[in-house]
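Structure, as C-alpha cells:
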Amino acid sequence: MSTARIRIGLHGATGRMGLRLIQLVAEDPRVELAAAIDREKLGEDAGVVAGVVALGVPIRGLDAAADSRLDVLIDFSHHSATAGVAEACRRAKVALVVGTTGLGDDANAALRAAAADVAVLASPNTSRAVNLLFKLVGQAAAGMGPEADVEIVERHHRLKKDAPSGTALRLAEMVTAATAAGPLVHGRSGQVGERPRGEIGMHAVRAGDCPGEHTVVLALGGDTLELTHRALNRDGFARGAIDAAVFLAGKPPGSYAMADVLESSP
C-alpha cells in the first residue's frame, strides 16, 4: 500500500479559509501542499504567509491550477473565479473540491462539464457536522410532515458577501425534498397576514466575526423541534475540505458529495 502523500493545490490561498487550510495541511501526514494560488502576495512562500514554517511553495497565479502533478485542487475563493478553476482542472486532469459559495449558472455549468473528465466535489459547506445536519433536517422534515412550519435562521460575519448562505439554501432544499415545501420567503415586513402553510422562512443575520451558525425550526401546534449547528472557528470547514480531497484523490470522473465522504469513513 502506497504511503505517498496526496499533493494538494489550494486556490484562494491568502483568504481566511485559505490561510487556515495551509496551516492544517502542514500538520496532516496524509497530504502536502504542492501549489498555492491567489492574486495577492505572488512569489511569497505560502507557509510563511500563513504563519507556519517555510514550505517551499510560492504563491502563484491561476496558471498553477493547470499543474498535472497535483492530485486534487481545493477552491475556497470567489464565485466569479470558479468556472476558470474548473476548466483548468479539467484540462490538467486534476480532481477538484469546491467550497466556494454563491455559485451562479456559469460556474455550475463549468463544474458539470469538468465532472465529465475529472472527479468533482462541490459543497456549500465542507464541515462534517453540517453535512450531518443536512441529513438530520431531511429526516426531521419528513417525520414532522408537511403541516410543520419551517424557519431557517443563519448568522455569519459582517464580511460575508452572499445571503442567504449556501448552507441555508441547502437546508431548505433538504426540507423541500422531504415535504415538497416552498416557496422561500426572505424575511417578513409589514402586514403580511397569516403564515401560509408550506412556505419556508429564511433569515440572514450579518454581525461581528461569527464564522457560521444555522438553526432550522420545525413547529407544529403544541411542540417545536430546533436543530442547530454553530461553528466556533473555521477548522471544521477546513478539515472537512482536506478529508474531501483525500477521498477524491484517485476517484474516477464524476460528481461527488460530502455525503460520499461521510459514508466512506471507517
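Remarks
- Among the residues of segment 58-80, the ones that are over 15 Å from the mean Cα position of the chain (by Cα) and either closer than 13 Å to Val120 by Cα or crowded, with 20+ Cβ neighbours inside 10 Å (or both) come to 6 in all.
- Residue check, Ala219 surrounded by 14 or more Cβ atoms within 10 Å (Cβ to Cβ), more than 21 Å from the chain's Cα centre (by Cα) and at pLDDT below 95: no
- Check on Leu19, outside any loop (DSSP other than H, G, I, E, B), within 21 Å of Thr126 (Cβ to Cβ) and not basic (Lys, Arg): yes
- Test for Asp209: is it assigned to a helix (DSSP H, G or I) and either within 18 Å of the chain's Cα centre (by Cα) or in contact (Cβ under 8 Å) with a residue 40 or more places away in the chain (or both): no
- Any hit, segment 153-166, residues being part of a helix (DSSP H, G or I) and out of contact with any strand residue (DSSP E or B) (no Cβ under 6 Å at 6 or more places or on another chain): yes
- Qualifying residue in segment 175-182 (condition: over 17 Å from Ala259 (Cβ atoms), open to solvent by less than 40 Å² (accessible area, probe 1.4 Å), in contact (Cβ under 8 Å) with a residue 24 or more places away in the chain and assigned to a helix (DSSP H, G or I)): yes
- Flag if Thr224 is open to solvent by 20 Å² or more (accessible area, probe 1.4 Å) and part of a helix (DSSP H, G or I): no
- All conditions but one from (1) surrounded by fewer than 23 Cβ atoms within 10 Å (Cβ to Cβ); (2) not in a helix (DSSP H, G or I) apply to Leu136; the one that does not is (2).
- Failed item in (1) buried (at least 23 other Cβ atoms within 10 Å of the Cβ); (2) out of contact with any Asp or Glu (no Cβ under 8 Å at 6 or more places or on another chain), with Ala95 passing the rest: (2)
- One residue from Leu159, Leu169, Leu227 being in contact with a helix residue (DSSP H, G or I) (Cβ under 8 Å, 6 or more places away or on another chain) and within 29 Å of Gly104 (Cβ to Cβ): Leu227
The values are calculated or read from the model by the stated rules, or taken from the named source; none is laboratory data. Keep in mind that this is a model prediction, so the values were computed, not measured. With ideal geometry, Cβ positions are generated from the backbone for all residues, glycine too; neighbour counts draw on all protein chains shown. We work out accessible area using only protein heavy atoms, side chains counted, and drop any ligands, DNA or RNA first. Shrake-Rupley method; radii C 1.70, N 1.55, O 1.52, S 1.80 Å.
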